[in-house]
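What follows is a short report on a single structure.
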Amino acid sequence: MLMYEYKSQIFDTLNEISHTQSGKIMEAAQKAKEVMKHDGLIYVFGCGHSGILSEEVFYRAGGLGCVAPIFFPPLMLHVSASKSSKLEKQPGLAQQVIEEYKFTQRDMFFCISTSGINAVPIEVTETVRSQGVFTVAICSSAYFDKSVSSRSGRHLHEAADIWIDNMVPYGDACLQPKGSRVNTTPLSTIMGTFIINSILAESIELAIAEGIDVPIYLSGNVLGGSEENVKLINRYSSRIKSL
């Protein structure tokens, strides 16, 4: 059954990430710990389906209160999926994407793009990094040799301070149903979610060990959760645009 093959693909890829990327995950976690120590923000950005991770770690039960997603509607699926695919390839949009965000050197920035070849993720990462913000790219090395010079001659992994390989295959889809001429069923969301949540979990443990105040949301559906969350909303609403 394809269900079992998909499960094997997921487990094998998770194990490969765990074995080969743990050092980079811990390096990113150390930086995230410093963000909490200095009351900074952890920005997360991606275009199209990569943007799902911006929502995954934002305002989430068990998630950090200092996470700030960068939402630019024209690059998101709910406005126009086909137009977002065209726009992410268009050079010169970086300033427009981030013009409402006030970065500081206390902050950290994640950019997620499995292919890493499109102009917007590369240029946004370069622009944010130029402001002294530590940047982390999550992308796939499967595109390094097949990216047609990554359209712009650059690749996202070269634009960031560190990059973490999500080990996703070229084209993302990992299954080939019997009789199908093309692959189906993506891996990138699951792998990206594992990577970024692992980084944040490790950062929380590091921060607690140093006695740092760790702002964590509770579920709004447990007793007292909403009341506790109001404190974080009040603390960050002036700095996190989407709160």
Would you mind listing the strands (runs of 3 or more DSSP E) fully within region 93-209 where at least 2 residues are within 17 Å of the chain's Cα centre (by Cα)?
108-112, 134-139, 162-165
Being without any contact (Cβ under 8 Å) to a residue 40 or more places away in the chain, more than 25 Å from A29 (Cα to Cα) and out of contact with any Ser or Thr (no Cβ under 8 Å at 6 or more places or on another chain) is the filter here, so list the residues in region 156-196 that pass it.
G171, K178, G179, S180, R181, V182, N183, T184
Inspect region 9-27 for any residue being under 19 Å from T189 (Cα atoms), in a loop (DSSP other than H, G, I, E, B) and without any contact (Cβ under 8 Å) to a residue 40 or more places away in the chain and give the result as yes or no.
no
Between a residue in region 59-84 that is in contact (Cβ under 8 Å) with a residue 24 or more places away in the chain and any residue that is surrounded by 16 or more Cβ atoms within 10 Å (Cβ to Cβ) and in a strand (DSSP E or B), which pairs come within a Cβ distance under 6 Å, given they are 6 or more apart or on different chains?
C66/I42; V67/I42; A68/Y43; P69/V44; I70/Y43; I70/F45
Any chance you could count how many residues in region 214-243 are surrounded by 12 or more Cβ atoms within 10 Å (Cβ to Cβ) and of a type in the set (D, E)?
1
Filter region 26-49 down to residues that are among the small types (G, A, S) and buried (at least 24 other Cβ atoms within 10 Å of the Cβ), then give me how many there are.
3
In this structure, does L87 turn out to be under 21 Å from G192 (Cα atoms) and crowded, with 19+ Cβ neighbours inside 10 Å?
no
Quick one: what pairs do we get from region 214-229, first residue closer than 17 Å to M36 by Cβ, second buried (at least 16 other Cβ atoms within 10 Å of the Cβ) and aromatic (F, W, Y), C-beta under 8 Å, 6+ apart or different chains?
P215/Y236; Y217/Y59
Kindly provide the set of residues from region 108-129 that are buried (at least 24 other Cβ atoms within 10 Å of the Cβ) and farther than 18 Å from D145 by Cβ, ordered by number.
M108, F109, F110, C111, I112, V120, P121, V124, T125, V128
Could you list, in sequence order, the residues of region 210-230 that are more than 20 Å from the chain's Cα centre (by Cα) and either over 15 Å from R60 (Cβ atoms) or among the aromatic types (F, W, Y) (or both)?
E210, G211, I212, D213, L223, G224, E227, V230
For residues that are under 17 Å from L206 (Cβ atoms) and outside any loop (DSSP other than H, G, I, E, B), tally how many sit in region 33-80.
8
For region 225-241, which positions are modelled with pLDDT under 95 and either aliphatic (A, V, I, L, M) or closer than 14 Å to Y43 by Cα (or both)?
K241
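The values are calculated or read from the model by the stated rules, or taken from the named source; none is laboratory data. What you see is a predicted model; the values in this text were computed from it and never measured. Don't worry about glycine lacking a Cβ; one is built from the backbone with ideal geometry, like all the others, and counts go over all protein chains shown.
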